[in-house]
Structure formats: C-alpha cells, structure tokens
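The values are calculated or read from the model by the stated rules, or taken from the named source; none is laboratory data. What you are looking at is a predicted structure, and each value in this text was computed from that prediction instead of being measured. Quick reminder, even Gly has a Cβ in these numbers, built from the backbone with ideal geometry, and neighbours come from all protein chains shown. Quick note on the areas: whole protein, heavy atoms, side chains included, nothing else; ligands and nucleic acids left out. Shrake-Rupley method; radii C 1.70, N 1.55, O 1.52, S 1.80 Å.
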Amino acid sequence: MKKSTLLLLVSLLCTGGVFAQKSKSTTSALHTSISDDDKKLSIQIKGDVKGKYINFDRTYNVAKLSKSEKEKLTRSIMDSLGVSIPTPPTPPTPPTPPTPPTPPHSPDVIGVYSEKTKSKEATRYPKGMAEIRIICDKCPAKGTFSLVSTDKNSHVIISFDEDDKDSFPLIFKAKDGRYTFKYEYGKTSYSETLTMKKNEVIIKKL
C-alpha cells in the first residue's frame with residue numbers, strides 16, 4: 001500500500017512538471033516591424049499573439065496609394081492578425097538653452113559733469129562720445145536735468161539751485177543711441193527724444 005501511494009505521488013509530481021513547462025513556453029516576445037519608402041510597404045510580425053504563434057512577412061506595392069490609403073491598409077492587416085499598430089516613441093524635448101547673463105552696466109555709458117569747474121569726471125569718458133552741452137545765461141533759481149536711454153538701462157539726473165549756477169555749462173556724455181532728454185525749472189517742463197551720435201555736440205540754452 002505504501003509503495004502504490006509513493007508511485008501515485010511521483011506520477012502527480014511529474015505531471016505537474018510537464019504542465020509548468022508547457023505554460024512557460026507560451027511566453028515569448030512579439031517583434032513588429034513596419035517600413036515605408038513611398039514605393040513599398042513592408043510589414044514583419046513574429047511572435048505569439050494570445051497564445052497563437054505568428055510569422056508574417058509581406059511587402060506591398062504602395063507607389064500609387066495616398067498616405068491615408070496606406071494607413072488603412074496597414075490597420076486592416078494588423079487587425080486581421082490581432083496585433084496593435086506600434087506607437088513610435090516620442091522624441092525627447094531638447095533642453096532649453098540657459099539665458100546668457102546680463103552684461104554688467106558700464107559706468108562710462110552715460111554721465112554728466114561740469115566743464116567750468118574742470119571736474120575730474122571728464123577723464124572717465126572716452127573721446128568721441130556724443131554730448132549735450134547745457135549753457136545757462138539766465139539760470140532759474142533751481143531746476144533738474146535728466147538723460148535716459150530709450151531701453152531705460154542707462155540714465156543720469158542732476159538737480160541744481162542758485163549755489164550751483166557757476167557749474168554751467170554742464171556736459172552730458174553718452175554713447176551712440178536714442179535718449180530722452182528732459183529739463184524742469186520753475187513751472188517750465190520740456191522733454192524730447194534725441195538720437196545721439198559719435199562726436200556730435202547738441203547745444204541747449206536756458
């Protein structure tokens with residue numbers, strides 16, 4: 001009795017091993033390849049689909065077919081084989097180039113100094129820069145001048161009163177470009193946009 005029971009157990013173990021081996025053999029990768037050179041459409045499919053082994057390799061003449069007709073043909077073949085059309089991988093998004101750093105503001109871009117007092121500020125500015133020369137024959141009690149680049153990256157403002165009248169003429173220095181020049185004194189206010197060029201001198205009289 002013990003001998004027959006042992007033989008039955010061995011038989012069951014062997015049978016289970018066969019089943020396990022068969023189920024393992026049904027899991028294989030599916031290879032799908034579709035190529036189209038506008039003249040010929042090649043479709044290759046090899047592998048298991050829902051437990052059924054497929055080895056499909058066909059080439060079709062599609063020179064006279066439109067893009068939509070070729071897509072319809074491909075979809076029809078894939079549907080008949082029970083295979084989904086592979087989705088092409090999405091190309092990675094290229095990294096955004098870093099924004100270049102803003103160059104440091106140069107103190108020589110724009111400035112103002114007094115010519116009459118022979119200020120050392122004049123030596124800061126390269127020769128040939130454009131300038132606005134302010135001449136004051138009858139200066140008001142006080143006032144304000146400003147010169148601002150149109151991109152608003154460079155500006156200079158100077159205020160004066162009676163004690164500063166000996167500083168005239170005032171010299172505004174700037175590199176080539178477009179600027180807004182403005183002056184205010186008393187109830188008077190005036191502004192204009194100027195294009196300043198190398199070696200150019202603009203005279204403003206009060």
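Accessible surface calculations at 1.4 Å, restricted to protein heavy atoms, place the range 51-98 at 85 Å² per residue. Each peptide in 62-69, 190-197 receives the mean, over its residues, of other Cβ atoms within 10 Å, and ordering these scores from highest gives 190-197, 62-69. In summary, the aspartates and glutamates within cross-link reach of LYS187, defined as a Cα separation below 18 angstrom excluding same-chain residues under 8 places away, comprise ASP161, GLU162. Seen from TYR185, the other residues with C-beta closer than 14 Å to its C-beta sum to a net charge of +2, counting Lys and Arg as +1 and Asp and Glu as -1. What base-10 log of the normalised intensity I(q)/I(0) is obtained for the range 108-178 from the Debye formula, alpha carbons as equal point scatterers, at q = 0.17 Å⁻¹? Scattering profile of the range 108-178, log10 relative to I(0): -0.63.
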